[in-house]
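Computed from the coordinates by the stated procedures, all read-outs in this text should not be read as laboratory data. What you see is a predicted model; the values in this text were computed from it and never measured. Don't worry about glycine lacking a Cβ; one is built from the backbone with ideal geometry, like all the others, and counts go over all protein chains shown.
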Amino acid sequence: MKGNDKKDILSTALKSMNKEHDMIKEILNKINYAYNNKLNTTIKKKLINELYIFLDFHFTSEENMLTMFDYPDYDKHKEEHDHMKYHLAEIIGTLDVEEIDFEELKNFIYESLHIHTQKSDAELTKHLKTQYDSL
Ligand SMILES: [Fe+2]
Ligand SMILES: [Fe+2]
């Protein structure tokens, strides 16, 4: 049965991580579109909420993989996730989207999240691939 051994778990998780990174980009594109096309407040609010929920899920999912497969830099990785989550929550604030500084939101996302994905997640992926290859 599929999904029972370490190799299956690792290969599925690696694929899912990439998919989730693409999904984050997809949500960001929708937010960008909503602001550029001046869509209504309710939609913007819902999209930003979608981003927050998805990031929360994605970070939790990565952290679980880190714990399951003994990642040596777990604390540092989780710290970066927590920092991004708190910062995003801070920007969102009361979820009064008219007051959200969209430039700040964009800078946060494109800078912190992009750097995290390119560097820290790349290291995490390398660790998981090494584990996979050793099996
Ligand atoms: Fe990630
Ligand atoms: Fe991460």
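Where does the chain land on the Kirkwood hydrodynamic radius, alpha-carbon pairs, in angstrom?
Averaging 1/r across every pair of different Cα atoms and inverting gives 16.0 Å.
Based solely on its DSSP helices, what 222 nm [θ] is calculated for the chain when runs of n ≥ 4 H residues each add -39,500 (n - 2.57) and the sum is averaged over all residues, nearest 500 deg cm²/dmol?
The helix contribution divided over the chain gives -25500 deg cm²/dmol.
How many nm separate the modelled label positions at ASN29 and GLU104, each set 7 Å beyond the Cα in the direction of the Cβ?
If labels sit at ASN29 and GLU104, their model points lie 2.8 nm apart.
In percent, how large is the relative contact order of the stretch 40-135, given Cα pairs closer than 8 Å and 6 or more residues apart?
It comes to 34 percent, rounded to a whole number.
Can you tell which of ASP121, ASP56, ASP75 shows the greatest fluctuation in a Gaussian network model of the chain with Cα springs below 10 Å?
ASP75
Whole number please: convex hull volume per residue of the Cα set in the stretch 1-63, in Å³?
Looking at the stretch 1-63, the number lands at 81 Å³ per residue.
Past 32 Å, Cα to Cα: identify those pairs from LYS6/LYS46; LYS15/LYS45; LYS15/LYS106, in the order given.
As for pairs spanning more than 32 Å Cα to Cα, those are LYS6/LYS46.
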